[in-house]
1. Return the pairs, sorted by first residue and then second, in which the second residue is among the hydroxyl-bearing types (Ser, Thr, Tyr) and modelled with pLDDT of 95 or more, the first residue lies in the stretch 13-28 and is in a strand (DSSP E or B), the beta carbons are less than 7 Å apart, and the residues are 6+ apart or on different chains.
2. Under 7 Å between Cβ atoms, which residue pairs at least 6 apart in sequence (or on different chains) link something in the stretch 156-169 that is without any contact (Cβ under 8 Å) to a residue 60 or more places away in the chain with a partner that is of a type in the set (Asp, Glu) and part of a helix (DSSP H, G or I)?
3. Answer with yes or no whether residue 125 is crowded, with 20+ Cβ neighbours inside 10 Å and either assigned to a helix (DSSP H, G or I) or on the phi > 0 side of the Ramachandran plot (or both).
4. Quick one: in the stretch 131-152, of everything that is part of a loop (DSSP other than H, G, I, E, B), touching a residue at least 12 places away in the same chain (Cβ under 8 Å) and under 16 Å from residue 98 (Cβ atoms), which residue is most open to solvent (accessible area, probe 1.4 Å)?
5. How about the stretch 70-79: which of its residues are touching a helix residue (DSSP H, G or I) at 6+ places or on another chain (Cβ under 9 Å) and surrounded by fewer than 17 Cβ atoms within 10 Å (Cβ to Cβ)?
6. Consider the stretch 70-105. How many of its residues are among the hydroxyl-bearing types (Ser, Thr, Tyr) and more than 28 Å from residue 42 (Cα to Cα)?
7. Is it fair to say residue 92 is open to solvent by 20 Å² or more (accessible area, probe 1.4 Å), without any contact (Cβ under 8 Å) to a residue 12 or more places away in the chain and either of a type outside the set (S, T, N, Q) or outside any helix (DSSP H, G or I) (or both)?
Amino acid sequence: MSAVATKGKWAQGIRPRNFHWVIADRLAVCERPGGYGANHRKVRRQEEIIWVREQGFTCVVSVISAPHNLHNYDEVGVVWRHRPIPDDEMAAYELGLYQELRQMLQSGQRVLLHGEELGDRVCGLTAGYLLWNELIDTAPRTVTVIERLTQRQLGPAGREMVSVSASLPRPQG
């Protein structure tokens with residue numbers, strides 16, 4: 001393999017772990033670029049952020065509590081928003097996040113949502129968005145869809161997020 005081919009492949013970056021499209025070519029989820037905890041790797045993070053940029057994502061939304069490593073998006077020209085999940089006031093948080101996601105997606109943006117890991121928090125929020133935005137009609141169907149898309153079982157915390165979303169005022173228009 002030539003040096004040019006190797007450089008070209010590296011320039012495309014690598015797909016983040018546990019990456020899944022939720023709404024084809026519009027909304028995706030994954031774990032934190034570079035991994036989380038003891039598995040976090042700086043070089044992998046950089047390569048995954050490059051991949052995000054090369055795939056045309058217009059915004060990355062991080063729901064991680066701390067703003068660690070968000071500056072790395074700036075370094076490669078990727079727009080990001082930090083929306084940490086609170087310990088309380090979930091209804092107000094979900095409504096605000098869902099309205100923001102809806103606005104971004106309606107304006108044609110391509111959005112990547114991530115947490116430390118692809119678990120209950122990210123999957124629950126995403127399922128809640130699908131239900132709140134009336135893309136899926138019932139909470140049980142929404143849970144089934146998100147479990148199939150992400151290949152993960154939604155636990156009690158994620159199901160609670162879906163339940164909260166069902167009680168929120170529906171989007172207008």
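1. Pairs that qualify, where the first residue is in a strand (DSSP E or B) and the partner is among the hydroxyl-bearing types (Ser, Thr, Tyr) and modelled with pLDDT of 95 or more, are 20/150; 22/126.
2. That search, which allows pairs on different chains as well, returns 157/120; 158/120.
3. When the stated conditions are applied, residue 125 passes them.
4. Per the criteria, the residue is 134.
5. Those that are touching a helix residue (DSSP H, G or I) at 6+ places or on another chain (Cβ under 9 Å) and surrounded by fewer than 17 Cβ atoms within 10 Å (Cβ to Cβ): 75, 76, 77, 79.
6. 2
7. yes
The values are calculated or read from the model by the stated rules, or taken from the named source; none is laboratory data. These numbers were taken from a predicted model, which means no experiment stands behind them. Cβ sites come from the backbone with ideal geometry, for glycine too, and all protein chains shown count toward neighbours. For the accessible areas, the whole protein counts, side chains as well, though only heavy atoms, and no ligand, DNA or RNA atoms are used. Shrake-Rupley method; radii C 1.70, N 1.55, O 1.52, S 1.80 Å.
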